[in-house]
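*Asks:* Provided herewith is a single structure, encoded as structure tokens, for subsequent inquiry.
The values are calculated or read from the model by the stated rules, or taken from the named source; none is laboratory data. A quick note: this is a predicted structure, and the numbers were derived from the prediction, not measured. Positions of Cβ are generated from backbone atoms using ideal geometry, with glycine treated the same way; all protein chains shown enter the neighbour counts.
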Amino acid sequence: MRVLFAIFAFLPTLAFAADANKAHEHTGIISPIKAEPPATTLTRPELIKLRKGEAVLKQHQDGEAGGRGVAIFRVNATPDKVMDVIVDYSNYKNWIDKIVKSEVYATPKDMIYVHFITKAMGISVEWYVEHKVNRAEKWLTWTLDYSRNSDLDDSVGYWRVTPVKGQSNMSQVEYSVDIRLKGWVPGFIKKLLVNQGLEEATSWVKVQAEAR
């Protein structure tokens with residue numbers, strides 16, 4: 001109960017300052033991914049988990065600033081269908097719990113810019129993302145859109161989709177995210193943005209791709 005009271009007492013003082021009309025405070029503190037993301041090396045036990053239909057999650061907490069991790073899982077759908085789901089950003093708000101806005105605001109060649117808002121326990125976190133998409137090779141990378149001010153200090157990540165050898169209708173999906181937060185935020189918000197995001201990626205992508 002003391003923890004709950006502390007959280008509720010803290011909520012009114014927490015103020016973020018996302019602003020589409022103002023540039024971000026910097027142009028990146030996490031190294032961006034500039035080419036095709038390399039496949040994550042998997043151990044034999046991890047490969048066995050994938051063959052059993054289980055996801056492999058690798059997470060690393062970076063103190064109070066945020067964290068990074070990767071989720072690897074298999075989907076009973078072709079890589080094309082999986083990519084169709086991943087780039088369908090307008091529907092993220094319908095598929096992902098606590099995402100209340102996922103609005104595409106620009107689509108220059110091979111790029112998709114998306115405005116996201118997530119909300120939990122009365123706290124909204126808002127950020128703008130620049131995605132670079134390579135449909136032919138089935139991968140994409142992202143950074144924040146630094147021309148707009150996000151509530152996240154920084155975010156870099158990628159999706160990578162490959163066919164599973166010997167399986168004509170199965171894909172192996174790799175999702176990686178690295179997040180830095182501004183100042184101190186409650187642990188449940190950090191978990192929502194980092195850990196829970198990894199876990200949820202293994203479910204909504206699979207459900208939506210296999211439904212197609």
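*Asks:* Would it be correct to say that Lys119 is part of a strand (DSSP E or B), more than 30 Å from Leu50 (Cα to Cα) and out of contact with any Phe, Trp or Tyr (no Cβ under 9 Å at 6 or more places or on another chain)?
*Replies:* Here the answer is yes, as Lys119 does meet what is asked.
*Asks:* Next question, about the same structure. Within region 182-198, identify whether any single residue is within 14 Å of the chain's Cα centre (by Cα), at pLDDT below 95 and part of a loop (DSSP other than H, G, I, E, B), and answer yes or no.
*Replies:* yes
*Asks:* Please list, ordered by residue number, the helices (runs of 4 or more DSSP H) wholly in region 1-110 having 3 or more residues that are at pLDDT 95 or above and out of contact with any strand residue (DSSP E or B) (no Cβ under 7 Å at 6 or more places or on another chain).
*Replies:* 44-51, 79-86
*Asks:* For region 122-138, name all the residues that are part of a loop (DSSP other than H, G, I, E, B) and surrounded by 19 or more Cβ atoms within 10 Å (Cβ to Cβ).
*Replies:* Scanning region 122-138 gives a single hit, Lys138.
*Asks:* Something else now. Provide a single number: the residues in region 144-158 that are closer than 17 Å to Thr107 by Cβ and buried (at least 21 other Cβ atoms within 10 Å of the Cβ).
*Replies:* Residues that pass the stated criteria total 2.
*Asks:* A further question on this structure: Looking at (1) over 14 Å from the mean Cα position of the chain (by Cα); (2) surrounded by 19 or more Cβ atoms within 10 Å (Cβ to Cβ); (3) modelled with pLDDT of 95 or more; (4) not aromatic (Phe, Trp, Tyr), find the lone condition where Thr141 falls short.
*Replies:* (1)
*Asks:* Filter region 145-180 down to the residues that are under 12 Å from the mean Cα position of the chain (by Cα) and more than 30 Å from Ala23 (Cα to Cα) and list them by number.
*Replies:* Result: Glu174, single match.
*Asks:* Cβ-Cβ under 7 Å, sequence separation 6+ or interchain: first residue in region 138-151 and over 14 Å from Val177 (Cβ atoms), partner assigned to a loop (DSSP other than H, G, I, E, B) and of a type in the set (S, T, N, Q). Which pairs?
*Replies:* The qualifying pairs are Tyr146/Thr27.
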